[in-house]
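Engineer: Mind having a look at this structure? Questions to follow.
The values are calculated or read from the model by the stated rules, or taken from the named source; none is laboratory data. Quick caveat: nothing in here was measured; it's all calculated off a predicted structure. Cβ: placed from backbone, ideal geometry, glycine included. Neighbour counts: every protein chain shown.
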Amino acid sequence: MKNRVKMLLTMALALMFVFALASCGDGKVSPLDAKSDIYVKKVENIPEGFIFGMDVSSVLAEEASGVKYYGFDGREQDIFKTLAQAGVTHIRVRVWNDPFDENGNGYGGGNNDINAAVEIGKRATKYGLSLIVDFHYSDFWADPGKQMVPKAWRGMSIEDKTDAVYKYTKECLEKLKAAGVSVGMVQIGNETNGALCGEKTWFNIQYLMGAGSKAVREVLPEALVAVHFANPERAGAYENYAWRLDYYELDYDVFASSYYPYWHGTLDNLASVLSTVAEKYGKKVMVMETSYAFTPDDTDFSGNTISDGGAIVKDYPFTVQGQANSVRNVIDTIATKTTNGIGVVYWEGAWITVGTSSWEENSAIWEKYGSGWASSYAAGYDPDDAGKYYGGSAVDNQAMFDKTGHPLDSLRVFHLVKSGNVVPLVADAIADVNLMVDLNGKIELPETVDAVMNDDSKKAVPVMWNITDKKLDEMYSGGVKKYDIVGTADGLEAHCYVSMIEYNFLNNYSFEDGELGPWRTNDIGGADELYVEKKSTDSLTGEYHAHFWSAKSGTVEFELEQDALDLPSGKYKFTISIMGGDGGDTDIYSYAKIDGKVVKTAPLKMTVYNEWHTAVIEGIEYSEGQTLTVGIYVKCAGDGNGAWGKIDDGLLNSMN
Ligand code: CA
């Protein structure tokens, strides 16, 4: 999840709580009446003691801010009771060492130190829920983007820091134990993708994790020790982390992952990477954070990480039903398709708006009670992120409570996956359409769109788009821009997001495939080096470019070119860029060839490092059946040191 918001059990133990729920006095929570309009497909054979978790770390700050939570019957009641009624078994809470400035002002994000965790833990325990303690080992948000050392531990040697982690973890867990909190699992770090507590080498990270693990084993021998990572979609990453932890013989039980469907790859991939770790290293695995938007709309005047029209994967509509289907499928993946899958935790399901009238009103409350993701007081500790972008909840539209604190029907999914809840099929929403149209092409909106049914199946239905010729003309003449065309289908609103683009007819235009691919070189002079190089600082865009170099004078002479494929007849424009030096006398130009014969050229030069020169050839006439080749010719005498250069970004755009 975007960094600044992201900031955001053994089987036997879990079984104990099932038992506790069923039998004991104070912790007794009546089973929820399953009557609901929400469609939930049953998850078959859920393992005994499966963890249905909910992170509500911000809840105390929310309540202090005046937020009220209600039960399914519409009456105000303790949110922990509502969660238990919904089938939640575990409550997750993040713990920061010291999320306060020198004057005692909270950094926000719930101001969650160990005292907040104790309070949350006591209330959870009261309703038979077990706690998952999430140590960030930081004074504020820790995630793949940042793992800042707590103020009090700055400048410590790794030996002293290891000792500090051990003592701190031990003290915190002893406080929870003394308060009678039932702790099922302890995380030693949050989304620790290669960093923790200011340390960036695994050699040091493993010491800190080892110290945390040791403290858990000593104070709470029955609790599970978890490590937590993000980005399951990165090939090989999880296997690599697990291998390192094994190499360093870290003592842990659970390898946990964040899974935000918008960014984190497919569920099949998630099951595959977690199963590999489970099978190779004998670990339990789980999803430690997931969430899904139930509406595209913001409710607290502080922008959200997810809204409509974004460049994200949107597998389900942003509706209450879509949210339920997303969570159901994550549970199904971990419970039935993943080796040793033990649970799924939803992230910050109760982080809703603290007020209804304005940003100013809410901001004052966030600052006072720490109920936004960050307050201005965090600036001293985290000046680059929190210090600039502090504000409210970026996930209020991903909560499982509406803006008035009433539970959404989707919250019942934790309970309903066990039995399933089959209701009549109805269209829940219309799937978005995304179109890319060349500025010189024709905008053709589809005649049908997919209605997404409540069981997540799809059905094509006719659509009426609300568009005028005047609007179309504006789109053709408005340059590169994205438009939201609204329509109606099956009585529901439809959206077609039209991106007007300059379509590039060249492939691998910026060499980002890491190889020449469709580009050809004709190395006339026999250069020492002529290949695709990976170095973002030497690229015009992206990470790769075409590189050349020669020690000997007179050996740099080559062509780099590509045939344009599947080109409609018309008029075209070719652009390409070069930078380089030590060229001596040069003859450099871009060209366009029709059927092998040069028809147009544009001159280029090289000057000094990082000074890019761009040539544009306009008005290339092409008819279908011909072969259009575009490229760059480079000839350098060299000035004694040998010529070198970089070529990047070949663009062939329509001019029709
Ligand atoms: Ca918001």
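Engineer: Looking at ILE620, ILE588, which one is touching a Cys at 6+ places or on another chain (Cβ under 8 Å), at pLDDT 95 or above and of a type outside the set (Ser, Thr, Tyr)?
Structural biologist: ILE588
Engineer: Suppose we filter the stretch 87-115 for residues that are more than 19 Å from GLU62 (Cα to Cα) and small (Gly, Ala, Ser); how many remain?
Structural biologist: 1
Engineer: Restricting attention to the stretch 423-453, which residues are charged (D, E, K, R) and part of a strand (DSSP E or B)?
Structural biologist: Scanning the stretch 423-453 gives ASP428, ASP438, ASP450.
Engineer: Considering only the stretch 322-348, how many residues are under 16 Å from ASP402 (Cα atoms) and in contact with a helix residue (DSSP H, G or I) (Cβ under 7 Å, 6 or more places away or on another chain)?
Structural biologist: Residues meeting the conditions: 3.
Engineer: Take the stretch 99-129 and flag every residue that is within 19 Å of ALA215 (Cα to Cα) and either part of a strand (DSSP E or B) or not hydrophobic (A, V, I, L, M, F, W, C) (or both).
Structural biologist: Answer for the stretch 99-129, where residues must be within 19 Å of ALA215 (Cα to Cα) and either part of a strand (DSSP E or B) or not hydrophobic (A, V, I, L, M, F, W, C) (or both): ASP113, ASN115, GLY121.
Engineer: Still on this model: Would the stretch 483-491 turn up any residue that is of a type in the set (Asp, Glu) and closer than 28 Å to ASP315 by Cβ?
Structural biologist: Yes.
Engineer: If I filter the stretch 546-573 down to residues being over 19 Å from GLY517 (Cα atoms) and of a type in the set (Phe, Trp, Tyr), which single residue comes out as farthest from the chain's Cα centre (by Cα)? Spell out the reasoning first.
Structural biologist: Residues of the stretch 546-573 over 19 Å from GLY517 (Cα atoms): 549-557, 568-573.
Next, from what is left, pick out any that are of a type in the set (Phe, Trp, Tyr): 549, 572.
Numbers: TRP549: 40, TYR572: 38 Å.
The qualifying residue farthest from the chain's Cα centre (by Cα) is TRP549.
Engineer: Going through SER376, SER371 one at a time, which residue ends up being more than 10 Å from the ligand (Cβ to nearest atom) and within 30 Å of HIS415 (Cβ to Cβ)?
Structural biologist: SER371
Engineer: Quick one: how many residues across the stretch 295-322 are under 13 Å from ASP456 (Cα atoms) and either more than 16 Å from the ligand (Cβ to nearest atom) or under 16 Å from the mean Cα position of the chain (by Cα) (or both)?
Structural biologist: Residues meeting the conditions: 8.
Engineer: Checking VAL133 against (1) in a helix (DSSP H, G or I); (2) within 17 Å of ILE91 (Cα to Cα): exactly one of these is not met. Which one?
Structural biologist: Tallying (1) in a helix (DSSP H, G or I); (2) within 17 Å of ILE91 (Cα to Cα), VAL133 fails exactly one: (1).
Engineer: Within the stretch 278-294, track down each residue that is over 18 Å from the mean Cα position of the chain (by Cα) and hydroxyl-bearing (Ser, Thr, Tyr).
Structural biologist: Step one: filter the stretch 278-294 for residues over 18 Å from the mean Cα position of the chain (by Cα), giving 278-285.
Across the stretch 278-294, the qualifying residue is only TYR281.
Engineer: Another question, if that's okay. Name every residue in the stretch 379-403 that is in a helix (DSSP H, G or I) and more than 14 Å from the ligand (Cβ to nearest atom), in order of residue number. Spell out the reasoning first.
Structural biologist: Taking the stretch 379-403 as the starting set, the residues that turn out to be in a helix (DSSP H, G or I) are 379-380, 386-389, 396-398.
Hits for the stretch 379-403 are ALA379, GLY380, ALA386, GLY387, LYS388.
Engineer: Right, another one. With within 27 Å of SER363 (Cα to Cα) and either touching a Phe, Trp or Tyr at 6+ places or on another chain (Cβ under 7 Å) or buried (at least 21 other Cβ atoms within 10 Å of the Cβ) (or both) as the only criterion, which of GLY145, GLY109, GLY104 stands out?
Structural biologist: GLY109
Engineer: Now for a different question. So in the stretch 610-655, with the set limited to residues that are under 39 Å from the mean Cα position of the chain (by Cα) and in a loop (DSSP other than H, G, I, E, B), which one is farthest from LYS597 (Cα to Cα)?
Structural biologist: ASN610
Engineer: Still on this structure, I have one more. If you go through the stretch 422-467, how many residues are within 15 Å of LYS314 (Cα to Cα), of a type in the set (Val, Ile, Thr) and at pLDDT 95 or above?
Structural biologist: Residues that pass the stated criteria total 2.
Engineer: Moving on to the next point. Can we say GLY128 is surrounded by 19 or more Cβ atoms within 10 Å (Cβ to Cβ), under 22 Å from GLY372 (Cβ atoms) and over 26 Å from the mean Cα position of the chain (by Cα)?
Structural biologist: Details: surrounded by 19 or more Cβ atoms within 10 Å (Cβ to Cβ): yes; under 22 Å from GLY372 (Cβ atoms): no; over 26 Å from the mean Cα position of the chain (by Cα): yes.
For GLY128, the condition - surrounded by 19 or more Cβ atoms within 10 Å (Cβ to Cβ), under 22 Å from GLY372 (Cβ atoms) and over 26 Å from the mean Cα position of the chain (by Cα) - is not met.
Engineer: Against the condition within 16 Å of the ligand (Cβ to nearest atom), within 21 Å of ILE38 (Cα to Cα) and surrounded by 24 or more Cβ atoms within 10 Å (Cβ to Cβ), how does TRP347 come out, does it pass?
Structural biologist: Answer is yes for this residue.
Engineer: Quick one: in the stretch 485-497, of everything that is modelled with pLDDT of 95 or more and farther than 20 Å from GLN321 by Cβ, which residue is surrounded by the fewest Cβ atoms within 10 Å (Cβ to Cβ)?
Structural biologist: VAL486
Engineer: Something else: Among the residues that make up the stretch 284-294, is at least one of them more than 11 Å from the ligand (Cβ to nearest atom) and more than 25 Å from ARG412 (Cβ to Cβ)?
Structural biologist: Yes: one or more hits.
Engineer: Test each condition in (1) at pLDDT 95 or above; (2) surrounded by fewer than 16 Cβ atoms within 10 Å (Cβ to Cβ) for GLU611 and report the one that comes out false.
Structural biologist: It is condition (1) that GLU611 fails.
Engineer: Same structure, new question: Identify, from the list ALA164, ALA211, ALA152, the residue that is part of a helix (DSSP H, G or I) and either among the hydroxyl-bearing types (Ser, Thr, Tyr) or surrounded by fewer than 20 Cβ atoms within 10 Å (Cβ to Cβ) (or both). Lay out the reasoning, then the answer.
Structural biologist: On the way: ALA164 fails: either among the hydroxyl-bearing types (Ser, Thr, Tyr) or surrounded by fewer than 20 Cβ atoms within 10 Å (Cβ to Cβ) (or both); ALA211 fails: either among the hydroxyl-bearing types (Ser, Thr, Tyr) or surrounded by fewer than 20 Cβ atoms within 10 Å (Cβ to Cβ) (or both).
It is ALA152.
Engineer: Scan the stretch 404-420 and tell me whether some residue there is under 27 Å from GLU76 (Cα atoms) and within 16 Å of the ligand (Cβ to nearest atom).
Structural biologist: Yes, the stretch 404-420 contains a residue that is under 27 Å from GLU76 (Cα atoms) and within 16 Å of the ligand (Cβ to nearest atom).
Engineer: Moving to a separate point now. Determine whether SER577 is at pLDDT 95 or above and surrounded by 20 or more Cβ atoms within 10 Å (Cβ to Cβ).
Structural biologist: The answer is yes for SER577.
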